[in-house]
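Undergrad: Sharing a structure here in structure tokens format.
The values are calculated or read from the model by the stated rules, or taken from the named source; none is laboratory data. As the structure is a prediction and not an experimental result, all values here were calculated from the model. Cβ sites come from the backbone with ideal geometry, for glycine too, and all protein chains shown count toward neighbours. Note: accessible area is taken over every heavy atom of the protein model, side chains too, but ligands, DNA and RNA are not part of it. Shrake-Rupley method; radii C 1.70, N 1.55, O 1.52, S 1.80 Å.
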Amino acid sequence: MSEVTQQPTHYRLLNVLKAIGPYLREPQSKEGHYIFDCLSVCVNDKKSPEEREFWGWWLELDKSDEGYSAKYNIGKYNTDGNWDSLPLPKKAVTEVSRTQVAFHKKLVDELQTKFEISVQFDEESVEFI
């Protein structure tokens with residue numbers, strides 16, 4: 001029998017989402033809408049840290065009637081601190097995919113175990129690569 005002990009308030013969800021890993025962008029998140037991202041592969045590690053860009057993914061997790069809807073995107077995190085939706089170079093695909101799949105499994109498992117909340121892919125979501 002599942003041990004669902006608490007209702008998923010915004011603050012309880014935040015605690016669980018933060019525990020999954022360093023992916024939650026808490027300042028950009030609000031009740032029912034949570035932003036995550038992962039800087040998986042450095043574009044050029046010879047540049048100074050403040051000039052580095054990264055290949056990776058970001059996620060918008062939104063409350064829906066069935067639970068939560070996950071909309072993933074892939075691209076490049078630029079020096080301005082913004083994501084550009086771009087196709088990944090071949091050398092980055094494996095690592096970005098690995099981090100995305102590992103995160104999604106943790107997300108689904110934690111929300112199901114703690115709150116019996118399901119996560120569905122948004123129809124506009126980028127499929128796992």
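Undergrad: Pick out the one residue from V4, V41, V16 that is farther than 27 Å from P87 by Cα, modelled with pLDDT of 90 or more and among the β-branched types (V, I, T). Step through it out loud before you land on a result.
TA: Numbers: V4 fails: modelled with pLDDT of 90 or more; V41 fails: farther than 27 Å from P87 by Cα.
Being farther than 27 Å from P87 by Cα, modelled with pLDDT of 90 or more and among the β-branched types (V, I, T) holds for just one of V4, V41, V16, which is V16.
Undergrad: Anything in the range 67-112 that is charged (D, E, K, R) and touching a strand residue (DSSP E or B) at 6+ places or on another chain (Cβ under 6 Å)? List them, or say none.
TA: Those that are charged (D, E, K, R) and touching a strand residue (DSSP E or B) at 6+ places or on another chain (Cβ under 6 Å): K71, K76, D84, E95.
Undergrad: To continue, here is another question. Filtering the range 23-58 down to residues that are outside any strand (DSSP E or B) and closer than 21 Å to V126 by Cβ, which residue is most open to solvent (accessible area, probe 1.4 Å)?
TA: Among residues in the range 23-58 that are outside any strand (DSSP E or B) and closer than 21 Å to V126 by Cβ, the one most open to solvent (accessible area, probe 1.4 Å) is Q28.
Undergrad: Condition first: open to solvent by 70 Å² or more (accessible area, probe 1.4 Å) and part of a strand (DSSP E or B). Now tell me which residues in the range 69-106 satisfy that.
TA: If the condition is that a residue be open to solvent by 70 Å² or more (accessible area, probe 1.4 Å) and part of a strand (DSSP E or B), then S85 is the only one that fits.
Undergrad: Just one of (1) loosely packed, with under 12 Cβ neighbours inside 10 Å; (2) under 19 Å from H10 (Cα atoms); (3) free of Cβ contacts under 8 Å to residues at least 24 places away in the same chain trips up E66, so point out which.
TA: Evaluating E66 over (1) loosely packed, with under 12 Cβ neighbours inside 10 Å; (2) under 19 Å from H10 (Cα atoms); (3) free of Cβ contacts under 8 Å to residues at least 24 places away in the same chain leaves (3) as the failure.
Undergrad: OK, next. F121 versus (1) within 30 Å of H10 (Cβ to Cβ); (2) at pLDDT 95 or above; (3) open to solvent by 40 Å² or more (accessible area, probe 1.4 Å); (4) not hydroxyl-bearing (S, T, Y): which is the lone unmet condition?
TA: (2)
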